[in-house]
Amino acid sequence: MRFAHPDGTTVHLAYCTNVHPAETLDGVLAQLRDHCEPVRRRLGRDRLGIGLWLARDAARALDTDPAALSTLRGELDRRGLEVVTLNGFPYEGFGAEEVKYRVYKPDWADPERLEHTTALARILGALLPDDVTEGSISTLPLGWRTGWSADRARTGHEALRTLGARLDALVELTGRSIRVGLEPEPGCTVETTHDALVPLTAVAHPRVGVCVDTCHLATSFEDPRTALDALAAAHIPVVKAQLSAALHAAHPDRPEVRDALAEFAEPRFLHQTRTRTPAGLHGTDDLPQALTGPALPATTPWRAHFHVPLHADPDGPLTATLPE
């Protein structure tokens, strides 16, 4: 959906499709039919923006076959949908029975991440509505912290500089400007917006910036205004924002609170947690680890990084439910 900002610019709000598994173009087309169009109808809108997730196989098909790209563009138009942003974080297998750490592969030290993101930029440039000249792609924040070395960091920074040059070439060729944002996430080498300052200052490209995810901000106890001010002061662009929520427990020492939180533990995704203590933040990679750890003082706030999939029922309200 589109909204008019007081400064005269247009704000695009999109429904992200990575909550629905699809690895192929046929799967993406089914998403449009079974989920995205029903959401648009339920909202009573003539047009709905979607944040499209394209897995490796779907992206390759669209990038190499003009007919496939035309088919997707036609389906978007027919169902009253439009795309101005892509979720380029998951590469493949996001609907697998167990994703966990696999979602961080390939990272930005792997040439495949650069090639995949470049393909996504070409695809998005072709999918943008006729009256839109700018698009955005979110991507993983370099890589998972384990095994990330100075050499891998240099390789990743060089890949992002190459990406910036390719995005410049794309706008010269098509007139469509695509920007890519690292999405800081707990546990990654770029865990917070503050962590993004050094690598993105080193890359120093106006089309490579940050994707701000409100769940990740909350999980790391980052203040949004402070984070945005620091990015602006460093001249690092905010490419897009993702609106999602984190669980919060003010009294994690209580057994009934831990029992309630245990209902959210599941085997598919990592649900990183962070606790704020007088000594600083303490974290675990996954919710079960936090639940089985030692009891925390009653004054310790506790947050869990947890995305709750949103399912659309065309005959009822939008509801948040746990993965099965």
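The values are calculated or read from the model by the stated rules, or taken from the named source; none is laboratory data. Values in this document were obtained by computation on a predicted structure and should not be read as measured data. Heads up, the Cβs are rebuilt from the backbone with ideal geometry, glycines too, and the neighbour counts pull from every protein chain shown. Protein only, heavy atoms only, side chains kept; ligands, DNA and RNA dropped before computing areas. Shrake-Rupley method; radii C 1.70, N 1.55, O 1.52, S 1.80 Å.
What is the residue count in the stretch 127-151 for residues that are under 28 Å from G49 (Cβ atoms) and either in contact (Cβ under 8 Å) with a residue 24 or more places away in the chain or open to solvent by less than 30 Å² (accessible area, probe 1.4 Å) (or both)?
Residues that pass the stated criteria total 14.
Restricted to the stretch 1-41, and to residues that are among the basic types (K, R) and at pLDDT 95 or above, which residue is least open to solvent (accessible area, probe 1.4 Å)? Restricting to residues being among the basic types (K, R) and at pLDDT 95 or above, the top hit is R40. Could you check the stretch 58-103 and list, in sequence order, the residues that are without any contact (Cβ under 8 Å) to a residue 60 or more places away in the chain and out of contact with any helix residue (DSSP H, G or I) (no Cβ under 8 Å at 6 or more places or on another chain)? Scanning the stretch 58-103 gives T64, D65, P66, A67, S70, G74, D77, R78, R102. Restricting the stretch 140-169 to residues that are hydroxyl-bearing (S, T, Y) and assigned to a helix (DSSP H, G or I), the residue that is farthest from V103 (Cα to Cα) is T162.
The set of residues from the stretch 170-225 being part of a strand (DSSP E or B) and farther than 22 Å from S149 by Cα comprises S177, I178, R179, V180, C211, V212, D213. Of all residues in the stretch 264-276, those that are more than 18 Å from E191 (Cα to Cα) and over 23 Å from the mean Cα position of the chain (by Cα) total 0.
Please work out which residue is most open to solvent (accessible area, probe 1.4 Å), limiting yourself to the stretch 257-300 and to residues that are in contact (Cβ under 8 Å) with a residue 60 or more places away in the chain and in a loop (DSSP other than H, G, I, E, B). The extreme case among them is P267. Got at least one residue in the stretch 163-184 being in contact with a helix residue (DSSP H, G or I) (Cβ under 8 Å, 6 or more places away or on another chain), closer than 26 Å to F269 by Cα and without any contact (Cβ under 8 Å) to a residue 40 or more places away in the chain? Within the stretch 163-184, none of the residues are in contact with a helix residue (DSSP H, G or I) (Cβ under 8 Å, 6 or more places away or on another chain), closer than 26 Å to F269 by Cα and without any contact (Cβ under 8 Å) to a residue 40 or more places away in the chain.
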